[in-house]
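Enquirer: Shown below is the structure under consideration.
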Amino acid sequence: MRKPFTLYHDYFLQVVLYAAEYELRAGQQLAGEHLDDEGETVEEQRKRQRAHYSRAAQLYRTYAMRACDSPVDLTVTFGGSGRAHGERVDMSERTLRRCITLYGILGSTHMVNQVYSAYYKLMKTISAKAWEPSNETLQDLQGAQAQTNPYRFPAKMMPREPTPPHLETGGSS
């Protein structure tokens, strides 16, 4: 039973990965294109690119979450005592990194956190707490979360407006 399940699981994951790669490439291609003769504006092009990246991120998320969700799959093995993880676990984490990087590019920090949190809980549960995220994954997570830092609210108020009294005291709330 395990061999046929693994085979069909492979087929499913290949389809998801191919679709994600297509969407990613379509979005990247739009970045290199100039305005076309049909009068498409830069904003319309950017909107189409964001749609491609969003679909790619969703597909990468599907791969990452579904790749290791079955104990019947023969390629889902977690390393221990210095051994490496199995092929399926490595690909799952690689697609998670692509997913969170794309959500970072899109400025969707909430999705970065949501996806990583769900993935972390899933992998810890499936692996009986043997799985730990790689350094690459942690770096990509921090990079994706940092994408929205420049857009956070400034710490100071506009000079013409008086500062509310509870902010002037400097006490913690």
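Enquirer: Count, please, the residues in segment 126-143 that happen to be surrounded by 18 or more Cβ atoms within 10 Å (Cβ to Cβ) and either touching a Phe, Trp or Tyr at 6+ places or on another chain (Cβ under 6 Å) or more than 14 Å from LEU96 (Cβ to Cβ) (or both).
Expert: 3
Enquirer: Under 6 Å between Cβ atoms, at least 6 apart or on separate chains: pull out the pairs that start in segment 100-129 with a residue that is more than 18 Å from ARG55 (Cα to Cα) and end on any residue that is modelled with pLDDT under 90 and in a helix (DSSP H, G or I).
Expert: Pairs found: none.
Enquirer: Continuing with this model, one more query. For segment 95-112, which residues satisfy the criterion of being of a type in the set (A, V, I, L, M, F, W, C) and part of a helix (DSSP H, G or I)?
Expert: LEU96, CYS99, ILE100, LEU102, ILE105, MET111, VAL112
Enquirer: While we're on this one: For the condition in contact with a Gly (Cβ under 6 Å, 6 or more places away or on another chain), of a type outside the set (Gly, Ala, Ser) and modelled with pLDDT under 95, what is the one hit in HIS85, HIS110?
Expert: The match here is HIS85.
Per-residue answers, yes or no, for (1) at pLDDT below 80; (2) aromatic (Phe, Trp, Tyr); (3) part of a helix (DSSP H, G or I):
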position	(1), (2), (3)
GLN114	no, no, yes
ALA118	no, no, yes
LYS124	no, no, yes
LYS129	no, no, no
ASP140	no, no, yes
GLN145	no, no, yes
MET157	yes, no, no
THR163	yes, no, no
LEU167	yes, no, yes
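The values are calculated or read from the model by the stated rules, or taken from the named source; none is laboratory data. From a predicted model like this one, the values you see are computed outputs, not experimental measurements. All Cβ positions, glycine included, derive from the backbone under ideal geometry; neighbour counts span all protein chains shown.
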